[in-house]
Amino acid sequence: MKSPLLTLPGAVPAEGVDEGVAAHYGDLFREQRALAEGTGFVDLSHRGVVTVSGPERLSWLHLLLTQHVSDLPPHQATEALILSANGHIEHALYLVDDGETVWAHVEPGTQEALLAYLESMKFFYRVETADRTADFAVVHLPAGSIAEVPEGVAVRETPYGRDLFLPRADLESYAGKVGPPAGILAHEALRVEQHRPRLGFETDHRTIPHELGWIGGAVHLQKGCYRGQETVARVQNLGKPPRRLVFLHLDGSEVHLPPAGTGLRIADDGPDGRRIGFVTTSVRHHELGPVALALVKRNTPVDARLMAGDTAAAQETVVEP
């Protein structure tokens, strides 16, 4: 999905997973400040949109998701995961029920695999699933925004702002009313500042929810019956996750940010020190400067000075060791 907003003045296309929307519109820091102040919007129209309807939609999803949704009140936003049989994260859903339909947005390009799994689990339940990506675009309004929400549009309201499931045909006209736009890089910078993990960025093929602090927010510990629940319960009650998410303050004198996948080592171990983790997302923040999220081995000392490649990094604890 290529957004029509890429024709706006100054729009620079994003690359990689976020291809299809703007990376920025000419001034990354101005766009970040606008979002932090509660103005503007972010075009997330490249994200997948999935709906589940039918009288048994919530009770059915309750059996599949890590979140407790059987009694989810209308218009209350939540997030949930789908795990593998071994407890590794496969999908992350950001959802809301409007009283008749559950709306969820997911990482770009993951909706087809998600729908295939959901369809395989329908059995005799009275539910209907659909890929609505071609018809609806996700638009993010930052916390504090007073922008008007069109009548009849499903909305996820969270402490970080509101996600609108806007008819795709209305995207250009709506953007003209709520500007200025901010690119995905500004959105990512604030996500990193807020220590919020993202599927495919902070996750790999063996990530479990405990490592990223998704327990509570996306995983409800008082429910079972979902795939991978045994791993969640075992780690929660008997063990500790092998890795933990950290927030890094990077050396601001470096010209280049260490890209995702850059190895981490303890600075005092010298250049030949063993790898203890890796950078997952690095950004330039309008106030904090260069910062990053990273995964490190659980037993890495919380006060250890780290090196991300050749860049010095000071860590803040996100997930307690």
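The values are calculated or read from the model by the stated rules, or taken from the named source; none is laboratory data. Owing to the predicted nature of the structure, the values given are computational and were not obtained by experimental measurement. Cβ sites come from the backbone with ideal geometry, for glycine too, and all protein chains shown count toward neighbours. Side chains are part of the model used for accessible areas, which takes the heavy atoms of the whole protein and leaves out ligands, DNA and RNA. Shrake-Rupley method; radii C 1.70, N 1.55, O 1.52, S 1.80 Å.
Details
- Tallying residues that are within 20 Å of Glu19 (Cβ to Cβ) and open to solvent by 30 Å² or more (accessible area, probe 1.4 Å) within segment 111-131 yields 3.
- One residue stands out among those in segment 176-185 that are in a helix (DSSP H, G or I) and out of contact with any strand residue (DSSP E or B) (no Cβ under 7 Å at 6 or more places or on another chain): the one that is least open to solvent (accessible area, probe 1.4 Å), which is Gly176.
- All told, Leu83 falls short of being out of contact with any Phe, Trp or Tyr (no Cβ under 8 Å at 6 or more places or on another chain), under 22 Å from Gly213 (Cα atoms) and touching a residue at least 12 places away in the same chain (Cβ under 8 Å).
- Scope segment 23-48; condition of a type in the set (D, E, K, R) and not in a helix (DSSP H, G or I); matching residues: Asp27, Glu37, Asp43, Arg47
- When segment 39-56 is limited to residues that are open to solvent by less than 10 Å² (accessible area, probe 1.4 Å) and of a type outside the set (Val, Ile, Thr), the one that is nearest to Gly109 (Cα to Cα) turns out to be Gly48.
- Selection status of Ser173, farther than 15 Å from Val49 by Cβ, buried (at least 16 other Cβ atoms within 10 Å of the Cβ), out of contact with any Asp or Glu (no Cβ under 6 Å at 6 or more places or on another chain) and not charged (D, E, K, R): no
- Scanning segment 191-201 turns up no residue that is in contact with a Gly (Cβ under 9 Å, 6 or more places away or on another chain), acidic (Asp, Glu) and in contact (Cβ under 8 Å) with a residue 60 or more places away in the chain.
- Residue within segment 120-131 that is closer than 16 Å to Arg227 by Cβ, at pLDDT 95 or above and not in a loop (DSSP other than H, G, I, E, B) present: yes
- Restricting segment 2-38 to residues that are among the hydroxyl-bearing types (Ser, Thr, Tyr) and in contact (Cβ under 8 Å) with a residue 24 or more places away in the chain, the residue that is most open to solvent (accessible area, probe 1.4 Å): Tyr25
- Residue within segment 147-161 that is open to solvent by 10 Å² or more (accessible area, probe 1.4 Å), touching a Lys or Arg at 6+ places or on another chain (Cβ under 9 Å) and of a type in the set (Asp, Glu) present: yes
- Of the residues making up segment 152-166, those that are part of a loop (DSSP other than H, G, I, E, B) and over 13 Å from Thr78 (Cα atoms) are Gly152, Val153.
- Cβ-Cβ contacts under 6 Å between residues 6 or more apart (or on different chains), taken from a first residue in segment 170-190 that is closer than 16 Å to Arg33 by Cβ to a second residue that is among the polar types (S, T, N, Q) and buried (at least 21 other Cβ atoms within 10 Å of the Cβ), are listed as Ala186/Gln32; Ala189/Gln32.
- The condition of being open to solvent by 30 Å² or more (accessible area, probe 1.4 Å), in contact with a Leu (Cβ under 9 Å, 6 or more places away or on another chain) and not in a strand (DSSP E or B) does not hold for Ser59.
- Hits in segment 207-235 - residues which are open to solvent by 20 Å² or more (accessible area, probe 1.4 Å) and of a type in the set (S, T, N, Q): Gln222, Gln229
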